[in-house]
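Let me begin by presenting the structure, written as structure tokens, before commenting on it.
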Amino acid sequence: MKKKDEKFLKDYCIKKTDFNATRHSFEELEEIRNDYKKFKKELELAAEFIIKRLYAIDRDKLHSVRYRIKDEEHLIEKIIRKKIEKPEARKITKENYRNEISDLIGIRVLHLYKNDWLYIHDFIRDTWGFKERPTAWLKQGDEGIDYKEKGCEIDYKPNNYQSIHYVISTKPSAKEHLVEIQTRTIFEEGWCEIDHNIRYPNKSKNLVLEKFLNIFNNFAESANDMGFFVKELDEYLRGKDAQINDLKEEVKRLNITEQEKKDLEKKISNLEEKESLFLTSLNNRSQKLFTPNNKSILSFNNFSSKNTSNYFWDADKYKHKANLNSLNQERICNQCGEVYRHDISSVNLDNGKCDECQDKNNYLTGSPFSRE
């Protein structure tokens, strides 16, 4: 075996015995490499063609699209690993590698909110169809979207990787090309990029790194939940503001006494005051997200804009703890005199009271977030 071939196996953490068991030779692999170098330009044109089609998706549902053409070394590595993982699989040669390796063109479609995927999925299905059944890589316990109903096969990876994978075929010119499309949220993408950057070069299995990458994964999932919640909250508040404005206009048109108009306007004013209390309480609760040694973290899966009083905080869904002392300032409650922490990174709605005193005040004023 040549020194450069030994270096290749070492760089990609492939054992010589495993390589020899594949019955590949580096001479055969070099033939594939040389053929692929000539073929790559065609793939660039095909990728650009698909990108243009994907940008026809409603921009409210699509954040961004990017692509990569697999480089030669990663192609050779994948050919070797496929045979190591599945010894019974067909041997990949210069004649068949274009049909055997489905991700020579890799396209990544990113979206802001988890449920935006539904629109992207339908677009891919209606535009190209599926060369094989899509795979939804999920985290254990992931809920909310019925991926099976949309025709996806469900699978799980030990590192909690989350993404939906498609294999399509396209024929922008005389030849047909296989393409892998991956879709995920921008938060899942951020975690994936860092996880890949840390693990991939040395195939790291360090337990300390795995632990903190798993915590990071939990934060990415929480960010998905928070993004969806904020979107729902925005829609709820916009709808409520529109209702209040409609009521004000309706009051002006009513054929009633001035006193009756004032009574109705007072009721509307009370609704607006409750909104202010709602937002203050919401901010106080969100501060607990960053309190050291506090296990609770927001879970927004069951938020209903139609009934905010039934919204709850799930303290058991996530088990990791955040140690973000730098984001918290110690203050003294001006009501009970106890020390409490104020999150300086949050919107500054702090009124000088600890959470318990604020909750008591919310209860007395009828805030939907008061404790029972």
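The values are calculated or read from the model by the stated rules, or taken from the named source; none is laboratory data. Fair warning: this is a prediction, and the values are worked out from it, not measured in the lab. Neighbour counts are summed over all protein chains in view; Cβ atoms, including those assigned to glycine, are modelled from backbone coordinates with ideal geometry.
Looking only at segment 20-30, count how many residues are more than 11 Å from ILE76 (Cβ to Cβ) and surrounded by 12 or more Cβ atoms within 10 Å (Cβ to Cβ).
Residues that pass the stated criteria total 3.
Taken over segment 177-190, the criterion of being in contact with a strand residue (DSSP E or B) (Cβ under 8 Å, 6 or more places away or on another chain) and part of a helix (DSSP H, G or I) is satisfied by ILE186, GLU188, GLU189. No other residue among ILE69, ILE124, ILE51, ILE76 is more than 25 Å from the chain's Cα centre (by Cα), β-branched (Val, Ile, Thr) and over 22 Å from ASN217 (Cβ atoms) apart from ILE76. Based on this model, can you work out whether ASN214 counts as among the polar types (S, T, N, Q) and either touching a Ser or Thr at 6+ places or on another chain (Cβ under 6 Å) or at positive phi (or both)? In short, no.
Please find, within segment 79-130, the residue that is nearest to PHE228 (Cα to Cα) out of those that are among the aromatic types (Phe, Trp, Tyr) and out of contact with any Gly (no Cβ under 9 Å at 6 or more places or on another chain). Result: TRP117. Filter segment 153-176 down to the residues that are within 16 Å of the chain's Cα centre (by Cα) and outside any strand (DSSP E or B) and list them by number. Scanning segment 153-176 gives LYS157, ASN159, ASN160, TYR161, GLN162.
Flag set for LEU45, criterion: exposed (fewer than 15 other Cβ atoms within 10 Å of the Cβ), in contact (Cβ under 8 Å) with a residue 24 or more places away in the chain and not charged (D, E, K, R). Checked against the criterion of being among the β-branched types (Val, Ile, Thr) and closer than 30 Å to GLY227 by Cα, the candidates ILE57, ILE76 yield just one match: ILE57.
Tell me, which residue of segment 177-211 that is at pLDDT 90 or above and farther than 22 Å from LYS61 by Cα is farthest from the chain's Cα centre (by Cα)?
Checking each candidate, the answer is HIS177.
Return a yes/no flag: does segment 256-275 have any residue that is of a type in the set (Gly, Ala, Ser) and either under 28 Å from TYR113 (Cα atoms) or under 25 Å from the mean Cα position of the chain (by Cα) (or both). No: segment 256-275 contains no residue that is of a type in the set (Gly, Ala, Ser) and either under 28 Å from TYR113 (Cα atoms) or under 25 Å from the mean Cα position of the chain (by Cα) (or both).
Quick check on LEU110: is it under 30 Å from GLU232 (Cα atoms) and part of a strand (DSSP E or B)?
yes
As a summary of the residue check, GLU100 satisfies the conditions (1) touching a residue at least 24 places away in the same chain (Cβ under 8 Å); (2) closer than 15 Å to LEU178 by Cβ; (3) surrounded by fewer than 18 Cβ atoms within 10 Å (Cβ to Cβ) except for the one numbered (1). Residue check: TYR67 meets all listed conditions (1) assigned to a loop (DSSP other than H, G, I, E, B); (2) at pLDDT 90 or above; (3) not polar (S, T, N, Q) but one, namely (1).
Quick grid of which residues meet (1) buried (at least 20 other Cβ atoms within 10 Å of the Cβ); (2) polar (S, T, N, Q); (3) assigned to a loop (DSSP other than H, G, I, E, B); (4) outside the structural domain of ARG98 (by TED's automatic domain parsing):
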site	(1), (2), (3), (4)
ASP126	no, no, no, no
GLU132	no, no, yes, no
GLY141	no, no, yes, no
GLY144	no, no, yes, no
CYS192	no, no, no, yes
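Take the conditions (1) within 18 Å of the chain's Cα centre (by Cα); (2) at pLDDT below 95; LYS150 misses just one of them, which is (1). Checked against (1) hydroxyl-bearing (Ser, Thr, Tyr); (2) within 19 Å of VAL65 (Cα to Cα); (3) not assigned by TED's automatic domain parsing to the domain that holds LYS40, TYR119 meets all criteria but (3). Within segment 212-267, the residues that satisfy the criterion of being modelled with pLDDT of 85 or more and aromatic (Phe, Trp, Tyr) are PHE212, PHE216, PHE219, PHE228, PHE229.
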